[in-house]
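Novice: First the structure, then my questions, so here it is.
None of the figures in this text is laboratory data; all of them are computed from the coordinates on show. These figures come from a predicted structure and were not determined experimentally. Glycine also receives a Cβ, built like all others from the backbone with ideal geometry; neighbour counts cover every protein chain displayed.
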Amino acid sequence: MTSQYKKFTKLIAKWPIDNNKAERDLGKFIRDKVKAAFEGGNSKNLDSELCTRQLSSLNKIADNHYRNKYKRIHDSSATGLSSEECNLVLSSEVLQYLKEENKGFFKNIFKKD
């Protein structure tokens with residue numbers, strides 16, 4: 001299992017952390033899962049075949065395997081936004097703002113006079 005741990009640490013090094021997403025970041029999630037899986041005596045109970053498949057899949061995502069294999073014609077999404085605009089809209093600050101706006105909206109609707 002130590003060889004798989006080394007492979008997972010190499011994978012983690014390739015995966016950036018997006019500080020704009022705080023607790024919703026995939027890189028942070030993967031780091032936490034790897035830490036929990038290999039921490040203490042837990043690594044003895046791991047299924048090596050499953051670890052190998054997960055490592056292979058995550059490496060393909062980190063290396064943009066399918067992005068390079070299936071080139072995109074357009075740089076926009078279904079919403080018509082660019083990737084930078086999508087990242088901005090999904091940031092924690094914008095989501096918090098929208099959450100606060102919705103509270104105010106629903107508060108006004110259900111306000112008892």
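Novice: Using the structure shown, list the pairs from 33/69; 33/71; 6/69; 28/60; 21/71; 14/35 with a Cα-Cα distance above 22 Å, or answer none.
Specialist: Listed pairs above 22 Å: 33/69; 33/71; 6/69; 21/71.
Novice: If r is the Cβ-Cβ distance from residue 81 to residue 12 and R0 is 22 Å, what FRET efficiency results, to the nearest 0.05?
Specialist: Using R0 = 22 Å, I get an efficiency of 0.15.
Novice: So if each residue of separation counts as 0.36 nm, and I subtract the Cα-Cα distance between residue 39 and residue 99, what length gain in nm does that give?
Specialist: 18.0 nm
Novice: Could you compute the FRET efficiency for residue 74 and residue 20, with r as their C-beta to C-beta distance and R0 at 30 Å, rounded to 0.05?
Specialist: That pair, residue 74 with residue 20, gives E of 0.75.
Novice: Averaged over every viewing direction, what's the projected area of the C-alpha convex hull for the stretch 12-78? Give it in nm², one decimal, please.
Specialist: 6.4
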